[in-house]
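To start, the structure itself, in structure tokens.
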């Protein structure tokens, strides 16, 4: 059974964590874009984490948006990371090769820790 | 007819008031002129005048406006030129006039929309034909290989593609499959770009899959939105060495049937989708697929593995692998293809196709085997009717 997507965001230090749950596809992608795009130009943040805990499904349009987000953030030397992806999401990201450009971590804490190490 | 009746009564009363006034004034004048009586003829003349005036008012207020509206309605219904009518009265006829103007305005808009839709549909047909023309109709000779490839678009224009290209020296055969994000015209435009780029590069002498993927990506990425991308697998068949290589660009698995132990293998294509990042030089890799005589390789797009049945269950790579395990032993690529698609069609049943689907089956027959020309088919569906698996003609 499909679940309605919920998107929220919080600022942890200089990292925006975008929490996504449910199913996100072309029909509700604008909600994700509406939540994330205004934050991209925020100079108080230098990294973004897409928290996929509770995210059940994404389609190719969402993958395309993640690639776009990666490109946009890279241009302003900001980082993008993905955390908490279940096996379905992880398979999709791996299949198209996004995992080779966007680091994927099991948890937000580990992602934040990797930032501190760099 | 409330407003018409009231209008006529008001005008009759006005006429009557005017008449009374005129009679009064005439009476006063006659009295001053000391004329004692008026002839009957004069009385009748005045009466006739009143009726004539009422008739004129009726004709001007009712008959003329109705005949104007009627004339334009007849023109509309008989397909002649009609024109907008300016309402002259605020009554039922005015309402009918206004209604006529609104209806004809809407009709003109609908008529324009229909013409525009026909024009767009015609252009889509042309685009679909151009796209079909780009897909290969004949394939180069491929000694040692038996190949069947088919594609079917979910809309007029599709985002799936495949091609067979022979290197200028004739030693390398490239077989590739591609799937652009989504489907329809945007996907079709990108598919055309990639086809053109790959073809041009092969003819210019790029002779390995990795360089084709890297160079195609370098040229494609700056020219498209980073939200759009194309996943692909590029196979290279070295005719002399009888070896198969693959380079992945974030595509679905490469499926291999091993005749020796009747096993199946799903190899991750690896790499990253074309158009995602400007440089894939560090990511793209060409690897060998060790093949023995009787082995088969299957390339497909996610329209097959993500197809659902009536209960919402996806076919998945598992479904395709299971089917390949059952039918991979068959002697020709065509018989394997037909059985794979029959199993697929049986699974999805009446579920309507929502994505483009493409599949390529390659069977390695050995260098000395008599080889037929590669069989190609671009499925066409002239009626563009609802796409159910039973209508696909794949089984």
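Take residue B:11, project a point 7 Å from its Cα along the Cβ direction, then tell me which residues of region B:28-60 have their backbone nitrogen under 15 Å from it.
B:50-60
Treating the angle as unsigned and between 0 and 90°, give the value, to the nearest 10°, between the Cα long axis of helix B:2-32 and the longest Cα principal axis of chain B.
Helix B:2-32 sits roughly 20 degrees off the main axis of chain B.
Under the definition of Cα pairs under 8 Å and six or more residues apart, what whole-number percent is the relative contact order of region B:2-109? Display every interim value, and only then the final one.
Values: 40 pairs, mean separation 32.2, N = 108.
Relative contact order comes out at 30 percent.
Using the count of nearby Cβ atoms within 10 Å as a rough guide to exposure, how do B:35, B:190 rank from fewest to most?
Taking fewest neighbouring Cβ atoms as first place, the list is B:35, B:190.
Which percent, nearest 5, of DSSP beta bridges in the protein assembly as shown are antiparallel?
Details: 57 of 77 bridges.
About 75 percent, rounded to the nearest 5.
Relative to the first principal axis of the alpha-carbon coordinates of chain A, what is the inclination of helix A:108-117, with its axis defined by its Cα atoms, in degrees from 0 to 90 and to the nearest 10?
Here the helix axis deviates by roughly 30 degrees.
For B:167, A:114, which order do you get if you count the other beta carbons within 10 Å of each Cβ and list the fewest first? Show your work: numbers first, answer last.
Values: B:167 19, A:114 14.
Ranking B:167, A:114 by Cβ neighbours within 10 Å, fewest first, gives A:114, B:167.
Provide B:258, B:251 in ascending order of the number of other Cβ atoms located within 10 Å of each residue's Cβ, fewest first.
With the fewest neighbours first, B:258, B:251 line up as B:258, B:251.
Using Cα pairs under 8 angstrom and six or more residues apart, how large is the relative contact order of region B:78-211, in percent?
Value for region B:78-211: 17 percent.
Counting only other chains, and only Cβ atoms inside 10 Å, what mean value do you get across the residues of A:58-68? Intermediate results must be reported in sequence, preceding the final value.
Working: counts 0, 3, 14, 4, 1, 7, 10, 2, 3, 12, 6.
Per residue, the number of nearby Cβ atoms from other chains is 6 on average.
Taking chain B as the reference, fit the longest principal axis to its C-alpha atoms, fit the long axis of helix B:40-58 to the helix C-alpha atoms, and give the angle between the two in degrees, 0 to 90, nearest 10.
Taking the Cα atoms of chain B, the angle to B:40-58 is about 10 degrees.
Quick check: from the Cα gyration tensor, does chain B come out rounded (a/c under 1.5), prolate or oblate?
Cα axes put chain B in the prolate bin.
Between rounded, prolate and oblate, where does region B:190-261 land on the alpha carbon gyration tensor, with a ≥ b ≥ c its root eigenvalues, rounded for a/c under 1.5, else prolate if a/b exceeds b/c? It would help to have the intermediate numbers written out before the result.
Values: a/c = 3.12, a/b = 1.53, b/c = 2.04.
It comes out oblate by the Cα gyration axes.
Could you work out the relative contact order of region B:275-339? I mean the mean sequence separation of Cα pairs under 8 Å and 6+ apart, divided by the number of residues, in percent.
22
What share of the DSSP beta bridges in chain B is antiparallel, in percent to the nearest 5?
Expressed as a percentage, antiparallel bridges in chain B total about 90.
Just from its helices, what would the mean residue ellipticity at 222 nm be for the protein assembly as shown, if runs of 4 or more DSSP H residues each count -39500 (n - 2.57) and the sum is divided by every residue, rounded to the nearest 500 deg cm²/dmol?
Numbers: 13 runs with 218 residues, N = 513.
Estimated from H runs of four or more residues: -14000 deg cm²/dmol.
So, in nm, how far is label residue B:33 from label residue B:218 when the simple model puts each one 7 Å beyond its Cα toward the Cβ?
Roughly 11.4 nm, to one decimal.
So, in nm, how far is label residue B:288 from label residue B:326 when the simple model puts each one 7 Å beyond its Cα toward the Cβ?
About 3.4 nm separates the two model spin labels.
Please report the antiparallel percentage of the DSSP beta bridges confined to region A:6-99, to the nearest 5.
On the way: 7 of 20 bridges.
If I count the DSSP bridges inside region A:6-99, around 35 percent turn out antiparallel.
Determine, for each peptide in B:86-96, B:210-220, the mean count of other beta carbons within 10 angstrom over its residues, then list the peptides with the highest first.
Details: B:86-96: 16.1, B:210-220: 21.8.
Result, highest mean Cβ count within 10 Å first: B:210-220, B:86-96.
Using a basic spin-label model with each label point 7 Å from the Cα along Cα→Cβ, how many nm lie between residue B:18 and residue B:54?
Roughly 1.5 nm, to one decimal.
Averaged across the residues of B:203-211, what count of C-beta atoms belonging to other chains lies within 10 Å of each residue's C-beta?
0
Partner chain Cβ atoms within 10 Å, averaged over the residues of B:220-231 - can you pull that number for me?
On the way: counts 0, 1, 0, 0, 0, 4, 9, 13, 5, 8, 0, 5.
The shielding value for this peptide is 4.
Per-residue counts of other Cβ atoms within 10 Å, averaged by peptide: what ranking do you get for A:38-46, B:198-206, highest first?
The packing order, highest mean first, is B:198-206, A:38-46.
Each reported figure results from applying straightforward, stated rules to the coordinates on display, with no laboratory input. What you see is a predicted model; the values in this text were computed from it and never measured. Glycine gets a Cβ as well: all are built from the backbone with ideal geometry, and neighbour counts include every protein chain shown.
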